[in-house]
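Structure, as structure tokens:
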Amino acid sequence: MSDRPWPTPQSAYVHVPFCRHRCGYCNFSVLTGRDQAYAESYLDALERELRRLGEPRELDTLFIGGGTPTHLSPAWIESLLQLVGRWLRLRPGGEFSVEANPSDIDAARLEVLAAAGVNRISLGVQSFRAEKLRVLERDHSPRIATAAIEAAAAAIGNVSIDLIFAAPGETVAEFAADLRTATSLPIDHLSTYGLTFEKGTAFWSRLLSGQLDRLEEDTELAMYRMAIDVARAAGFEHYEVSNFAKPGRRCRHNLAYWEGRGWYAFGPGAARFVGGRREVNHRSPTTYIRRLLAGEWAIAECDAIDRETWARERIAFGLRMIDGVDLERIAAETGVPVGEQFAKTIDRFCRDGFLTCEGNRLRLTDRGLVLSDAIVAEFL
Ligand code: SF4
């Protein structure tokens with residue numbers, strides 16, 4: 001095994017746990033309807049957590065997500081961005097992303113974001129169809145979604161949107177219409193995920209009680225294939241299982257996760273990978289705030305990662321990228337001879353047509369793409 005140093009993170013994530021209401025399928029760390037009670041104490045808690053860095057860090061990517069970072073007032077957003085900017089400083093040419101909901105996009109918020117150097121905005125659009133938005137319990141209309149994309153493109157540029165597919169009752173033709181609308185708008189990046197029913201969400205209970213139905217697996221698969229076809233035809237590169245980008249617009253922040261390069265993370269539920277340790281903050285926003293304001297740590301889980309686990313994760317998460325992974329590079333950086341160590345698993349998947357290996361580069365085939373979750377799990 002190697003005594004090489006762990007990578008110094010060049011990326012940071014900040015979780016902002018406020019939303020107007022909780023969407024039925026959401027299991028993120030979110031507070032709804034209690035903004036005024038917690039907005040200021042969250043900033044105090046975040047400042048205490050950031051201060052533990054000891055000194056400001058210079059970074060290549062910064063991602064403020066949630067929750068809905070843009071839900072609170074423009075003045076509050078400005079305070080948040082100033083606080084973050086004191087500790088997490090972006091190098092020239094860095095990528096600064098903020099997540100937003102279409103209904104929060106207005107001139108005042110866009111001005112605050114642009115002034116703070118935000119140069120990428122990720123909008124939780126999910127659909128352009130009123131009925132699907134209602135089923136998903138989103139609070140925007142198709143018209144608001146379209147207007148938000150246009151306004152964000154004009155003020156910030158580099159707009160990413162999320163689209164959900166396989167919503168209850170949705171047809172392949174309806175999702176195709178969503179994709180066509182998305183790709184006709186000024187977006188640079190598209191993330192699209194099948195709806196999941198997570199334990200503990202309202203949708204999970206409604207699934208169990210028969211009020212909601214999952215779509216058939218074949219229908220969901222047809223929607224996924226449709227997304228690949230429509231996005232590619234519109235000039236997007238399919239660069240990760242669920243992500244598409246115009247040339248030069250891949251999400252550099254997410255690439256740091258998939259390539260296992262280490263990252264800082266702050267806020268409730270945030271997970272970091274620093275110096276060979278993986279730490280996850282307490283998921284409950286109120287517990288996170290209470291602990292930090294009491295002078296304690298907000299960490300709920302902490303694991304020391306050994307080199308072999310890191311190597312396994314680099315293959316597993318790296319395989320989600322369409323370009324795949326460079327086995328030799330992973331071996332050199334982790335000190336684990338992954339080519340030999342996983343030879344049997346790699347050979348089996350290659351024989352079965354799910355993976356392909358050219359030189360040192362291992363990647364999913366088109367057949368492997370639709371079974372990516374099961375394949376990557378074999379490496380973990
Ligand atoms: S807006 Fe996003 S983070 Fe907030 S409740 Fe809905 S899905 Fe969850």
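Let me confirm something: among 148, 176, which residue is more than 30 Å from residue 8 (Cβ to Cβ) and buried (at least 18 other Cβ atoms within 10 Å of the Cβ)?
148
Which numbered condition in (1) under 21 Å from residue 236 (Cβ atoms); (2) buried (at least 17 other Cβ atoms within 10 Å of the Cβ) is the only one that residue 203 fails?
Answer for residue 203: the failing condition is (1).
What's the total number of residues in the range 194-234 that are touching a Leu at 6+ places or on another chain (Cβ under 9 Å) and at positive phi?
Final tally of qualifying residues: 0.
Taking residue 324 and the conditions (1) loosely packed, with under 15 Cβ neighbours inside 10 Å; (2) of a type in the set (Gly, Ala, Ser); (3) on the phi > 0 side of the Ramachandran plot, which numbered condition does it fall short on, given that it satisfies the others?
(1)
Filter the range 292-337 down to the residues that are touching a residue at least 60 places away in the same chain (Cβ under 8 Å) and among the basic types (Lys, Arg), then identify the one that is nearest to residue 7 (Cα to Cα).
307
Would you pick out the residues in the range 113-146 that are away from the ligand (no atom under 14 Å from the Cβ) and closer than 24 Å to residue 254 by Cβ?
113, 114, 116, 117, 118, 119, 120, 121, 128
Can you give me the number of residues within the range 49-89 that are over 28 Å from residue 296 (Cβ atoms) and crowded, with 20+ Cβ neighbours inside 10 Å?
Residues flagged as over 28 Å from residue 296 (Cβ atoms) and crowded, with 20+ Cβ neighbours inside 10 Å within the range 49-89 amount to 2.
I need the full set of residues from the range 180-226 which are in a helix (DSSP H, G or I), out of contact with any helix residue (DSSP H, G or I) (no Cβ under 8 Å at 6 or more places or on another chain), small (Gly, Ala, Ser) and under 27 Å from residue 367 (Cβ atoms), in order please.
182
Any residue at all in the range 155-162 that is hydroxyl-bearing (Ser, Thr, Tyr), touching a residue at least 12 places away in the same chain (Cβ under 8 Å) and either within 16 Å of the ligand (Cβ to nearest atom) or assigned by TED's automatic domain parsing to the domain that holds residue 193 (or both)?
Yes, some residue in the range 155-162 is hydroxyl-bearing (Ser, Thr, Tyr), touching a residue at least 12 places away in the same chain (Cβ under 8 Å) and either within 16 Å of the ligand (Cβ to nearest atom) or assigned by TED's automatic domain parsing to the domain that holds residue 193 (or both).
Sort out which residues of the range 88-145 are farther than 21 Å from residue 26 by Cα, under 21 Å from the mean Cα position of the chain (by Cα) and charged (D, E, K, R), and write them in order of number.
Correct list: 89, 95, 120.
Out of everything in the range 371-380 that is surrounded by fewer than 16 Cβ atoms within 10 Å (Cβ to Cβ) and either of a type in the set (Gly, Ala, Ser) or touching a strand residue (DSSP E or B) at 6+ places or on another chain (Cβ under 9 Å) (or both), what residue ends up being nearest to residue 306 (Cα to Cα)?
Looking at the filtered set, the residue picked out is 377.
How do the pairs read when you match residues in the range 179-198 that are closer than 17 Å to residue 146 by Cα with residues anywhere that are among the β-branched types (Val, Ile, Thr) and part of a strand (DSSP E or B), using Cβ under 7 Å and keeping only pairs 6 or more apart or on different chains?
Cβ pairs passing all conditions: 182/161; 186/159; 187/159; 187/161; 188/159; 190/161.
How many of the residues making up the range 342-355 are outside any loop (DSSP other than H, G, I, E, B), surrounded by fewer than 16 Cβ atoms within 10 Å (Cβ to Cβ) and not acidic (Asp, Glu)?
Total meeting the criteria: 6.
Just for the range 227-254: of the residues that are small (Gly, Ala, Ser) and not in a loop (DSSP other than H, G, I, E, B), which one is farthest from the chain's Cα centre (by Cα)?
Step by step, filter the range 227-254, then rank; the result is 233.
Give the residue, chosen from 4, 20, 51, 57, that is at pLDDT below 95, of a type in the set (Lys, Arg) and more than 23 Å from residue 127 (Cα to Cα).
4
Only one of these conditions is not met by residue 117: (1) without any contact (Cβ under 8 Å) to a residue 40 or more places away in the chain; (2) more than 16 Å from residue 95 (Cα to Cα). Which number is it?
(2) is the only condition that residue 117 fails.
The values are calculated or read from the model by the stated rules, or taken from the named source; none is laboratory data. Predicted, not measured: the structure shown is a model, and the values here were computed from it. Neighbour counts run over all protein chains shown; Cβ positions are idealised from the backbone, glycine included.
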